[in-house]
Amino acid sequence: MSYSAGASLPPPSRDLSRSCAVVGLGETDYRQDYQAAREAARNRDPDYRPCTPEGLALKAFERALDDSGLQRKDIDGLSVSFLYGGPDARSTANLLGVQPRQFVDSIGIMAGPLPAACAAIAQGKCDTVALVYAVATRAQGRKFGGALHRENAAPASYYYYHPWGWSSQAAHWAFAWQHYMATYGVTEEDLASVAIQMRRNAMATDHAIMHKPLTMEDYLASRYVVRPLHLYDLCLVNDGGVCLILRRADMSSGLPHSPVLLGGWGEAVVGCNKMDTLVRHRLRPQFQEAGRQALDMAGLTLSDVQHFECYDASTNHLVNHLEGHGFTAPGEGLEFCKSGEMAVGGSLPVNTAGGMLSGSYMHGWNHVAEITRQLRHEAGPRQIEGVEVSMFSLAQTDRVHPLIFMRGNSP
Amino acid sequence: MTTTRPDRILGPGHDEFWNWCARGELRLQCCDDCAELAWPVVQSCEHCGSNSFQWQAMTGKGTLVSWCRFDHDYYKGLLDMPYWTILVELDEGPLFVSNPLSIPEEELALGLAVSLAFQDCEDAGGAFKLPVFKKT
Ligand SMILES: [Zn+2]
């Protein structure tokens, strides 16, 4: 198995651990924007103005700047992630009203932008980077499968199977879940526990999109998208923006909030046998390798992690993260969820703001936003008491890139 | 009966694959340098980077690794809904995404022995034979 192909992050280094901190956080109004879009579609409202990447980015940035207590002139680095199209970095700087001396290249989806910004800061290219992300996924009517549209490119991994009608990210998770069910003798009811837990978490989160209680009956009655996966097994599609302000750690005290230190990162990429690695091994070799890198960089072990945020593209993929990193043995992730261990108050709270299944689909940026709130001890009713170390794990179908965060000193 | 399918990817390498199918054979690229089989079609070997291949004939035997039913119509009316797809481990090793041919839903199971068949299909590139699998 190869881990080096297509690496996109700077190499993990102990020298960089804790060298930077998240000092500012801004998110758009996921819930209100989602409801407004649905309302407008229902009423065919001609005056409705859909979200734009520019508008979302600006709102997230202004909130993050305000949250950080810094001024526009303090922002000397900019990292721009418009995953589905938006202005270039220089135009974005104009839009936000900042004059960065460093533009940090970014791969967009979370994990990548933070290590890249951290490396730029360590190299002295800048001290304070605004990382801006926005997607108008829903407003642009983006589709997640089906025939190829050139302007709407998706991973090549599934184009090849079009003649057999096999398409979409959901199909990857469906194959992996069907194999898992047959291997471990678990059922759809078992998997429902993940969707239900994520919904409970979202209900304790003001800005999460889904607040309506989800019952086992609702889950089982919901339509299949790619059977055995139900609608509630797959992440939301919504518009939004997130801005994080990352600053040199030694310049991060005396600001309004506790700094959230970036402790480590890792990356492992599937080199070959992609389908086998995903369906039968559920990326476990990559989770193990990338997780070890990130924890080593931070000088921590898995047992130090008190809060886990992971890329829940689907309910069973959330379980892949849990088992892959070794929080539970393979085949035991659903029992872990059913016994309440993933809830706040359990042994490892997971996706405490509802993740992407019930919270907001922000490509992992939403998870880092929640880590920031938890480690600041500002998560309100869902606060994990005394949390000091959080782990984020992103995994697409063929790569894993986790991040480790820890609470810095109080302001 | 010929059924219309979403378009194949065609071009160098891909055409050879479909030409073998047209003759009723499932052949995959086998690397001249490291002897690994490749699927889907590659331009260079994922294992060693070589771009020299032989088209090796598969026996057409395999076992079921996974299966899923498409209820969401990703292809906008092109295919009869819902429909099943399967993941077959060929006896030679590679995993092959395909469709079941006349396998009852309740018989889909891990390790089910399956054998190659071909189905007459067409897409924008013309008529072609699609490799599918029936119960052995
Ligand atoms: Zn080779």
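Values quoted throughout were computed directly from the atomic coordinates according to the rules given, and no laboratory measurement underlies them. What you see is a predicted model, and the numbers here were worked out from it, not measured in a lab. When we count neighbours, we look across all protein chains shown, and the Cβ atoms used for this are built from the backbone with ideal geometry, even at glycine.
Other residues lying with their Cβ under 10 Å from the Cβ of A:LEU220 contribute a combined charge of -4, Lys and Arg counting +1, Asp and Glu -1. Computed from backbone phi with θ = phi - 60° and the Karplus coefficients 6.51, -1.76 and 1.60, the 3J(HN,Hα) list for the stretch A:243-258 is 10, 10, 10, 9, 9, 3, 4, 6, 10, 9, 8, x, 9, x, 10, 4 Hz; x is used for glycine and proline. Database remark: amide H of B:ALA117 closer than 5 angstrom to the amide H of B:VAL132, B:PHE133, B:LYS134 (H placed geometrically; neighbours at sequence offset of 5 or more, or on other chains; Pro and chain starts carry no H).
Between the residues A:GLY386, A:PRO256, A:HIS172, the greatest Cα displacement towards the positive end of the dipole of the protein assembly as shown, with unit charges on the Cβ of Lys, Arg, Asp and Glu, is found for A:PRO256. Each residue in A:ARG280, A:ARG49 was given a count of other beta-carbon atoms within 10 angstrom of its own, and listing them fewest first yields A:ARG49, A:ARG280.
Counting other C-beta atoms within 10 Å, which of A:GLU335, A:GLU39 has the fewest, and how do the rest follow?
Numbers: A:GLU335 15, A:GLU39 11.
Result, fewest neighbours first: A:GLU39, A:GLU335.
The DSSP beta bridges internal to the protein assembly as shown are antiparallel in roughly 80% of cases.
Overall, chain B carries a charge dipole of about 260 debye about its Cα centre when +1 sits on the Cβ of Lys and Arg and -1 on the Cβ of Asp and Glu, all other atoms neutral.
As a proxy for reagent exposure, ranking A:VAL194, B:VAL65, B:VAL42 by other Cβ atoms within 10 Å from fewest up yields B:VAL42, B:VAL65, A:VAL194. Counting charges near A:THR128 (Lys, Arg +1; Asp, Glu -1) among other residues having Cβ under 14 Å from its Cβ returns a value of +1.
Take each peptide in A:286-296, A:21-31, count the other Cβ atoms within 10 Å of every residue, and average; sorted highest first, the result is A:21-31, A:286-296. Residues whose amide H lies under 5 Å from that of B:GLU122, counting only those 5 or more places away or on a different chain, are B:THR3, B:THR4, B:ARG5, B:PHE128; hydrogens are built 1.01 Å from N in the peptide plane.
Annotation: amide H of A:CYS20 within the under-5 Å range of A:ALA249, A:LEU262, sequence separation 5 or more or interchain, hydrogens built in the peptide plane. Of the GluC sites (Glu not before Pro) found in the stretch B:87-125, none is in coil by DSSP with at most 12 other Cβ atoms within 10 Å of its Cβ. Residue farthest toward the positive end of the dipole of the protein assembly as shown, with Cβ of Lys/Arg at +1 and Asp/Glu at -1: which of A:THR277, A:LEU83, A:THR183? Looking along the dipole axis, the top candidate is A:LEU83.
Absence of a disulfide-compatible partner, taken as no other cysteine beta carbon within less than 4.7 angstrom, is noted in chain B for B:CYS21, B:CYS30, B:CYS68, B:CYS121. Hey, with R₀ at 25 Å, roughly what FRET efficiency would A:ASP276 and A:ARG14 work out to, going by the Cβ-Cβ distance, to 0.05? The value I calculate is 0.15.
If R0 equals 45 Å, the separation of the Cβ atoms of A:ALA122 and A:HIS211 corresponds to a calculated FRET efficiency of about 0.65. In this label model, B:TRP55 and A:ASN94 are separated by 5.4 nm, measuring between points 7 Å along each Cα→Cβ vector.
Could you tell me which trypsin sites (Lys or Arg not before Pro) in the stretch A:170-249 are loop residues by DSSP with no more than 11 other beta carbons within 10 angstrom of their beta carbon? Answer in residue order: A:ARG223. Given +1 at the Cβ of Lys and Arg, -1 at the Cβ of Asp and Glu and no other charges, the dipole of chain A around its Cα centre is 660 debye to the nearest 20. Other residues whose C-beta falls under 11 angstrom from the C-beta of B:ASN19 contribute a net charge of 0, scoring Lys and Arg +1 and Asp and Glu -1. Calculated [222 nm] ellipticity per residue, helices only, for chain A: -10000 deg cm²/dmol; basis is -39500 (n - 2.57) per DSSP H run with n ≥ 4, divided by all residues, nearest 500.
Helical content alone sets the calculated 222 nm signal of chain B at -2000 deg cm²/dmol, taking -39,500 (n - 2.57) per DSSP H segment of four or more residues and averaging over every residue.
Our compactness index for chain B, the C-alpha radius of gyration over the empirical 2.2 N^0.38 Å, is 1.08. List the lysines whose Cα sits under 16 Å from the Cα of B:LYS76, skipping any in the same chain fewer than 8 residues away. Within the straight-line cut-off, B:LYS76 pairs with A:LYS143. The HN-Hα couplings worked out from phi for the stretch A:131-138 by the Karplus form 6.51 cos²θ - 1.76 cosθ + 1.60 (θ = phi - 60°) are 9, 10, 9, 7, 9, 10, 4, 6 Hz, whole numbers, x standing for Gly and Pro.
Once the Kirkwood radius over Cα pairs is known for the protein assembly as shown, the Stokes-Einstein relation at 20 °C and 1.002 mPa s delivers a diffusion coefficient of 88 µm²/s.
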